[in-house]
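*Asks:* What follows is a structure written as structure tokens; I'll ask about it next.
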């Protein structure tokens, strides 16, 4: 009798196992946690002092989850220089912070200040899930239209040879996660195999796309039934989508641009003027990182053409969407001086802000490659200058840090890593 009960229990457990691990079950049990999902990345004080109203001039919060939040509660702890807690201030940000985005908020009132300000620390203590995110999860808006699978003969690897996904929502996604369930046949309940795979691509809002050649890893050769479900995806903004589609998200790709007699507009004292072209040979080339994914790159500032129109349209669509990797375009750069064991420089760096948002503390990454396109080193450096909206900035002799090996000037890549928006 006991053996029959044991067999029945095991059978029921095996039958329920796929359901318990299904993406629907995962979503049902996943509870939003704003303290983990929301992070204060930067903030600055506008006013403070004993007996005065404490106000943050700016506070930037990043949302790493697939939920949008509103009424974000902020706590500021005040410390002495030795680390002793003096007190705390509290504030609330009523605006919505979309899923997978980062946003800077202005003039956050924290109430009356009862202690001196020496050191402070900001963190999120809570928030409400916005109604706009309750049905916007990837599992609810991405549908599998059709798919084809090719299993391995010896149980080694399986491939989704083709799968079509449709995004019926209003948000863009990348890195779509799929869960493959395989059930073996047999006289008994059989065995269930689960495989998780990520499609490292984008799926824009309202679009249908087909992806091919997806390796799912181990595949059971005895499977008699297979099912695929969407188990998640990362939300991206419109600017990040355009950045990825233009090729800006591809690391290690170098783009060359002939200098020739190109005119570039420089902004000075609120006006634009033409920068006279340098006298260079038409055969001279310089490394450039436009983030366009094409050999020619976008046209110079002020010139007519599709790229210029796209920039204008983007500014009208998302005028306050902060994404410096897209907004700050590296128009041109040239390798300068540098010897192993010393600080190297770029003799020229031309950047343009194509957005209506000013940026400061712009951080770059410079990568050095071998002839085989294999990277052998990289540095990060910042510039202190403020890059105003629609401004083209020319910089000379920019220090890029120490180098251990003299690089080939034709095998260098430069990209924008991050910057602070001035809202």
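*Asks:* How would you rank 172, 90, going from fewest to most other Cβ atoms within 10 Å of each one's own Cβ?
*Replies:* Ascending Cβ contact count within 10 Å gives the list 90, 172.
*Asks:* Just want the ordering: 130, 64, 231, from fewest to most Cβ atoms lying within 10 Å of their own Cβ.
*Replies:* Ordered by Cβ neighbours within 10 Å, fewest first: 64, 130, 231.
*Asks:* Still on this structure, please answer the following. Using a/c under 1.5 as the rounded threshold, could you call region 60-114 rounded, prolate or oblate? The axes a ≥ b ≥ c are square roots of the C-alpha gyration tensor eigenvalues, and prolate needs a/b larger than b/c, oblate otherwise.
*Replies:* Numbers: a/c = 3.08, a/b = 1.99, b/c = 1.54.
Taking the square roots of the gyration eigenvalues as a ≥ b ≥ c, region 60-114 is prolate.
*Asks:* How would 53, 393 line up from fewest to most surrounding beta-carbon atoms within 10 angstrom?
*Replies:* Ordered by Cβ neighbours within 10 Å, fewest first: 53, 393.
*Asks:* Given R₀ = 41 Å, FRET efficiency for residue 128-residue 157 by Cβ-Cβ distance, to 0.05?
*Replies:* 0.35
*Asks:* Compute the relative contact order of region 34-133 as a whole-number percentage, counting only Cα pairs closer than 8 Å that sit 6 or more residues apart in sequence.
*Replies:* That works out to 38 percent.
Read-outs: derived from the displayed coordinates by stated rules, not from any lab. Being a predicted model, the structure only gives us computed values, none of them experimental. Every residue, glycine as well, gets a Cβ built from its backbone with ideal geometry; the counts of neighbours run over all protein chains shown.
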